[in-house]
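Visitor: Take this structure, written in structure tokens, and hold onto it; I'll ask about it next.
Just so you know, all these numbers are worked out from the coordinates, no wet-lab data involved. Please read all numbers here as calculations on a predicted model, not as lab measurements. Positions of Cβ are generated from backbone atoms using ideal geometry, with glycine treated the same way; all protein chains shown enter the neighbour counts.
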Amino acid sequence: MIQAKIRKQYPPGPESAGFSLDIEFRAAAGVTVLFGSSGAGKTLTLDSIAGFVRPDEGRILLDDQILFDGAAGVHMAPRARQCGYVFQNYALFPHMTLRENLEFAAERAPRLGRHRKVTEMLEKFHLSEVAGRRPYQVSGGQKQRCSIARALIGAPRILLLDEPGRGLDAPLRAEFYAMLRSVRQEFGTPMLLVTHDTEECFQLADEMVVMREGRAVQGGTPRKVFDQPANVDVARLLGLYNILPVEVRSLDPGRNSSRLRFQDFELAGPYFPGRLIGDQVWLYVRPDELSVAPRNGRPAFNQVPVTLLRTVEKPERLRLEFSGDIAVEVPFGSIEKISGVKEWIVEFPSGDLRIL
Amino acid sequence: MPPGTPIDWFPLWLSLRVASISTILALAAGLGLAWILANRTFRGKELLDAAVTLPLVLPPTVLGYYLLVLLGRASPVGKLYEWLFGGPLVFTWQAAVVASLFHSTPLLVKSARAAFESLDRSYERAARNLGATELRLFWRVTLPLVRRSVLAAAAIAFARSLGDFGVTLMIAGNIPDRTQTVSIAIYDAVEGGNGFAARVLVLIVSAIALTILTLANRLTSNPFGPRQTAL
């Protein structure tokens, strides 16, 4: 269990705009993901926990042991923190074989069990056959497994992973997710993982913390965060939604309904408590929640006429991008005639409108 | 040496001995200085850097003059040395080592510093994270990773020491069979009209220099595979 309150300021200078990290969060057992776009401060947070960076203020507790306390002047050296760290580039020592990399990490263990530990790890991570090779001689997946094995060999109290899925092709990623799940099951070490990939969050996270510009803006399970982003910035970060500016036109709590105005059209939705008529809000809706049909006469209720700008083929879906920043995704092959049709109708699901 | 005399091999052996010792000493001092310059910030750091580089830039006789003043029999350092070792430092072969040191060390410091600075920081962090003390980090990770470029720099420094002339002449002098290094011997041979001796010595020193250069080039190419940085 980790409790962190970290403040770190990088003042603006001739070569940088400056950055301010001000984050507070807790992570219990299981996998916690720090999610955010590049530059949000995720790696800085991880580095502060590992002890590579000294925060200006705050407190970091790992299982009730103080790793850092700004007020008391405590800053434990990285070597004493028992935090396993898996670097983005693996950082396997290039002049050592995979076995020697593990032996380096095992040097803190008593000499008697060391060799056995290393051999065990090599077997567990399927590296026995390549143990005598150097990092540049083995595959990406093997390097990744070795870096995780090396981080775990010292029995750390928490495992920190910096964008581990980055740059991996699809099979390697799947392999990595599977490995992380089995590591979690076998070792039970709590993990704190940094990523900007939404899929990784869903695959791995028990809890996630959304970060933006050095601050934590939302926390919760991935499902909760994705279905109910706390604000429009989080919704944008997730990258999953159409986010459309609308105005509240009427509210009827008795009938549990309301009306929103989007461009020149009115959309019906459920009652939104806490809103006032005239509020400018954001409507967020997933591309697969909308339906489309070629335009045929006047738009009906909850329908908006749009012009097709482009189509994007994805592996299993077809994405149609329309005017007004509206995107709709349909299963491949479900719409018969697309080419040549420019004018369409997009239908909004009245029961499922959500606003921020 | 007057023409016709058999070749005196002493200068060559002396130069090899002086160059070896000064290179080893320069490595010891240079690595430490380079590590400090690469890893620490402190007031006066740029001044230290300039002071280390200065000997490379000063004219040899100017440097020699400063060293004479610093190490001469009348100076505190000179007196201390004489008290410790029973004889003056200047005009001995040990002075030739000092003279070489003032060129080898800056070369090594510059190379080693660049090598330390070009190392991927994540190796250091990984080592610390895995429990290494600073010493273990230096010996087991940093040094092996910079070993090749440092050795290449040492080879160049050795070659440079072999050929030192001006500074050596000023503080070690040109005493045959005592402090006459090979460069000075070559100069003497040319001045004295002993063309044969000069040519032989020149060829041998050239061959040594070429071998060293080849070795240095080999060392700086391709250490652990395609790239030396992480991955």
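Visitor: Can you check what the net charge comes to around A:SER291, using other residues whose Cβ is under 15 Å from the Cβ of A:SER291 (Lys, Arg +1; Asp, Glu -1)?
Guide: Numbers: positive: A:ARG286, A:ARG295, A:ARG317, A:ARG319; negative: A:ASP288, A:GLU289, A:GLU329, A:GLU336, A:GLU347, A:ASP352.
Net charge around A:SER291: -2.
Visitor: Quick one: of the DSSP bridges fully inside the protein assembly as shown, what percent are antiparallel, nearest 5?
Guide: So the antiparallel bridges amount to about 80 percent of the total.
Visitor: Can you return the lysines within cross-link range of A:LYS5? Criterion is Cα-Cα under 30 Å, with same-chain partners fewer than 8 residues away left out.
Guide: In chain and number order, the partners are A:LYS42, A:LYS224.
Visitor: Which lysines does A:LYS117 reach when only Cα atoms under 24 Å apart count, and residues fewer than 8 places away in its own chain are ignored?
Guide: Here the lysines satisfying the reach criterion relative to A:LYS117 are A:LYS143.
Visitor: Positive end of the charge dipole of the stretch A:119-192 (Lys, Arg +1 and Asp, Glu -1 on Cβ, about the Cα centre): tell me which of A:VAL138, A:GLY154, A:VAL183 has its Cα farthest that way.
Guide: A:GLY154
Visitor: Near A:HIS196, within a Cβ-to-Cβ distance under 12 Å, what is the net charge of the other residues, with Lys and Arg +1 and Asp and Glu -1?
Guide: Charge balance near A:HIS196 sits at -2.
Visitor: Same structure, new question: Would you please calculate the Kirkwood hydrodynamic radius of the stretch B:101-231 over all C-alpha pairs and express it in Å, rounded to one decimal?
Guide: Evaluated on the stretch B:101-231, it is 17.4 Å.
Visitor: Per 20 Å bin from zero, what fraction in whole % of the C-alpha pairs of chain A is there, up to the bin with the longest pair?
Guide: Pair shares across the bins are 25, 45, 26, 5, 0.
Visitor: So what is Rg over Rh here for the stretch B:168-214, counting just Cα atoms and using Kirkwood for Rh?
Guide: 1.03
Visitor: Let me ask another. Determine, for A:ASP206, A:ASP64, the number of other Cβ atoms within 10 Å of each Cβ, and report the residues in order from fewest to most.
Guide: Listing A:ASP206, A:ASP64 from fewest to most nearby Cβ atoms yields A:ASP64, A:ASP206.
Visitor: To continue, here is another question. Tell me the net charge near A:SER48. Cut-off is 13 Å between Cβ atoms, A:SER48 excluded, with +1 for each Lys or Arg and -1 for each Asp or Glu.
Guide: Values: positive: A:LYS5, A:ARG7, A:LYS8, A:LYS42, A:ARG54, A:ARG59, A:ARG81, B:ARG125; negative: A:ASP22, A:GLU24, A:ASP47, A:ASP56, A:GLU57, A:ASP69, A:ASP162.
Counting the neighbours of A:SER48, the net charge comes to +1.
Visitor: What percentage of all Cα-Cα pairs in chain B are separated by more than 25 Å? Display every interim value, and only then the final one.
Guide: Details: 13184 of 26565 pairs.
It works out to 50 percent of all Cα pairs.
Visitor: Calculate the length of the line joining the C-alpha centroid of the stretch B:157-197 to that of the stretch A:305-356, in whole Å.
Guide: 86 Å
Visitor: Right, next: Taking R0 as 41 Å, what's the FRET efficiency between A:ALA170 and A:ARG54 from their Cβ-Cβ distance, rounded to 0.05?
Guide: The formula returns an efficiency of 0.60 here.
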